[in-house]
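Just so you know, all these numbers are worked out from the coordinates, no wet-lab data involved. Bear in mind that the values here come from a model prediction, so they are computed numbers and not experimental data. We place every Cβ from the backbone using ideal geometry, glycine too, and count neighbours over all the protein chains shown.
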Amino acid sequence: MDWKSQLKNMIREPSGLLKYINLTKEELAQIDKASSIFPMGITPYYASLMDKNNPECPIRKQGIPSLAELVTAPGEMTDPLGEELDSPVPGLTRRYPDRALLLVTNSCFTYCRHCNRRRKVGDPVKAITPDSLNRGIDYIRNNSQIRDVLLSGGDPFFLSTKKLDSILKELFEIPHVKIVRIGTRVPVVLPQRIDDELVDMLKKYRSLWINTHFNHPKEITSESKKALAMLADAGIPLGNQTVLLKGVNDCPQILKELFYELTENRVRPYYLFQCDQAKGISHFRTPVSRGIEIMESLIGHISGFAVPVFAVDPPGGAGKIRLSPNYFLSSSPEAVVLRNYEGVITRYTEAPHVENNCPGGCAICGEPPKSGRKGAHSGVGRLLSDNTEKAADLIPENLERSFRRK
Ligand SMILES: *Cc1c(COP(=O)(O)O)cnc(C)c1O
Ligand code: SF4
C-alpha cells in the first residue's frame, strides 16, 4: 500500500511476473526479447490486477512486452507526432500558439506497451536534465502567448513532490501562465502515489488541471477510486484521455462502462485517441472507422459529459484532429437537415429573412406564382423545401423512443 515500496519492487524482469501470473518458459523468453527495445516496468499493484491465466487480459496486454513490438508496419515512425519538429528547445513542444507541452521526466511507474513516446521514455540516456528543464521554463517565460502549460513525460508524478512543487511554483510565477495541466497515469498504475503530502502540495495551485489515462473499467479499483476522490476533494478538475487499443478496449460496451465509471468518480472523459503510428505498436491499432463506430454508439446514448472527443493525431505535426459521425445531412437557405443519434432525420428552419430567388409560376414545377420555392416532395429533400407541414420528420420504424411515448 506504500508507493515507495511499490517503486522499489517494480517488476523489471520477466521472472518477476511469475508471482502474479502463469507464464511458460517460452513466454518469458519472448518477453525478455521484446523488452530489449522498450523496457518493461510494472508496479506490483498493476500486476495484481492481471488475470492469472488469460493472456487476453487487458491489463496484461498493456503491461507485458510482446513480440509484436518488434514489427514495424508501413508508415510507423519513432516520433509519430513530429514532437521533435516543433520543439524550439529540447523537451518542449509548441504546436499551438497558446499552449506548450513540457516534458519533466522520462520515467514512469509502469511502461505502457502502447506508449507513443517510447523513443525517449524509460531510457536513462534520454533523461530530462535540469538544464533542459530550465531552458524549457525559460522558453515559456519568454513567450507571453503561452497561457496553458502541459506537464508530461514520462509521468510528472514520478518526480518527488518537492521537485514538482518547485516546477509548478516557477511556472505559476510567470504572469502569462494561467493554467498548468498534469498528464499522469498514476491513478491507474500506482494510486498510492496520490498521498496527503502530494495533494496538499497540488491544492495550493488554483488553476491546475489533471488528466489521467484510464483505458479499461478493470483499472477502476477501490484504490484508484480513493486516489481520484482525494484529488477531486482538493478541488482539482479531473479529465481522462483514453487510447483506443485493439483487443483492450475497442468495444462500445467496454468504453461505455469505462466512461460511466469515470464520471461517477468525478473524472470527465476528455479525449479518446486513435492509436498513433508509433514504431512497434501496430498490433494495438484499430481502423479509424472503429472509433467512429464507437462514437456513434456513445453520442446521445449516454450523458453528454461522459462522451469524450475522438481525435486522431496524424504524423507530421498537424496536431489533434477531432472526428465524429456526421449529424449534418443537408441544407438550403431556409433549412438544415440533421439526423439525431436514433436515426431520426429532422429539420431546423432558418430565420425568415432569407431571400427566395424563385419567382414561381414556372412551367416545369407548376407552382403558382410567388408561392416561394418548392423543393423535392419526398426524401431528405422534402425537409429542405419550405413547407412547414407537420410530420415532416423521417422517423425509423421501431424507434425505441416512440414506444416510451404516451
Ligand atoms: C495534445 C497537445 C496539446 C494540448 O491540446 P488540447 O487539445 O488543448 O488538449 C498541446 N500541445 C501538444 C504538443 C499536444 O500534443
Ligand atoms: S505513462 Fe504515458 S509516458 Fe509513461 S509509458 Fe505510459 S503512455 Fe508512455
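Where does helix 288-298 land angle-wise versus the long Cα axis of the chain, in degrees 0 to 90, nearest 10?
Around 70 degrees separate the two axes.
Add -39500 (n - 2.57) for each DSSP H run of 4 or more in the chain, then divide by its residues: what number comes out at 222 nm, to the nearest 500 deg cm²/dmol?
It comes out at -7500 deg cm²/dmol, rounded to the nearest 500.
Give the separation of the Cα centroids, region 126-166 to region 8-35, in Å.
If you average the Cα positions of each part, the centres end up 34 Å apart.
So if the hydrodynamic radius of the chain is defined as the Kirkwood radius over C-alpha pairs, what does Stokes-Einstein give as its diffusion coefficient at 37 °C and 0.692 mPa s, in µm² per second?
Answer, rounded: 137 µm²/s.
Relative to the longest principal axis of the C-alpha atoms of the chain, give the angle of the C-alpha long axis of helix 161-172, reported between 0 and 90° and rounded to the nearest 10°.
Value to nearest ten degrees: 40.
Would you please put 97-104, 304-311, 182-189 in order of how densely packed they are, using the mean number of other Cβ atoms within 10 angstrom per residue and starting with the highest?
182-189, 97-104, 304-311
May I ask you to sort 19, 218, 33 by Cβ crowding, counting other Cβ atoms within 10 Å and putting the fewest first?
19, 33, 218
GluC sites (Glu not before Pro), restricted to region 76-136: which are DSSP loop and have at most 13 other Cβ atoms within 10 Å?
Those that pass, being in a loop and sparsely packed, are 84.
Any idea which of 72, 144, 114 is furthest toward the positive side of the dipole for the chain, if Lys and Arg beta-carbons carry +1 and Asp and Glu beta-carbons -1?
144
What does the charge dipole of region 92-323 about its Cα centre add up to, to the nearest 20 debye, if the Cβ of each Lys and Arg holds +1 and the Cβ of each Asp and Glu holds -1?
In total the dipole reaches around 600 debye.
Going highest first, how would you order 339-347, 223-231 by mean Cβ packing within 10 Å?
Output ranking for 339-347, 223-231: 223-231, 339-347.
If one takes the longest principal axis of the Cα atoms in the chain, at what angle in degrees, from 0 to 90 and to the nearest 10, does the Cα axis of helix 222-233 lie?
So the helix axis and the longest Cα principal axis differ by about 70 degrees.
Going by amide H atoms built from the backbone, whose H comes under 5 Å of the H on residue 334, apart from near neighbours?
Result for residue 334 returns nothing.
Would you order 110, 263 from fewest to most other beta-carbon atoms within 10 Å of each residue's own beta-carbon?
263, 110
Compute, for the chain, the length of the dipole vector about the Cα centre, with Cβ point charges of +1 (Lys, Arg) and -1 (Asp, Glu) only. Units Debye, rounded to 20.
340
So which of 204/226; 8/61; 8/225; 19/256; 61/204; 61/225 end up more than 27 Å apart, counting from Cα to Cα?
Result: 19/256; 61/204 exceed 27 Å.
Quick one: if you stick a label point 7 Å off each Cα along the C-beta vector at residue 53 and residue 290, how many nm between them?
So the two model labels end up 2.7 nm from each other.
Per-residue HN-Hα couplings for region 317-332, Karplus 6.51 cos²θ - 1.76 cosθ + 1.60 at θ = phi - 60°, whole Hz, x for Gly and Pro?
Here the 3J(HN,Hα) series is x, 5, x, 6, 10, 7, 10, 8, x, 8, 10, 9, 9, 6, 7, 9 Hz.
Could you line up 201, 295 from fewest to most neighbouring Cβ atoms inside 10 Å?
201, 295
Can you give me the long-range amide H partners of residue 278? Hydrogens built in the peptide plane at 1.01 Å from N, cutoff under 5 Å, separation of 5 or more residues or another chain.
Long-range HN contacts for residue 278: 77.
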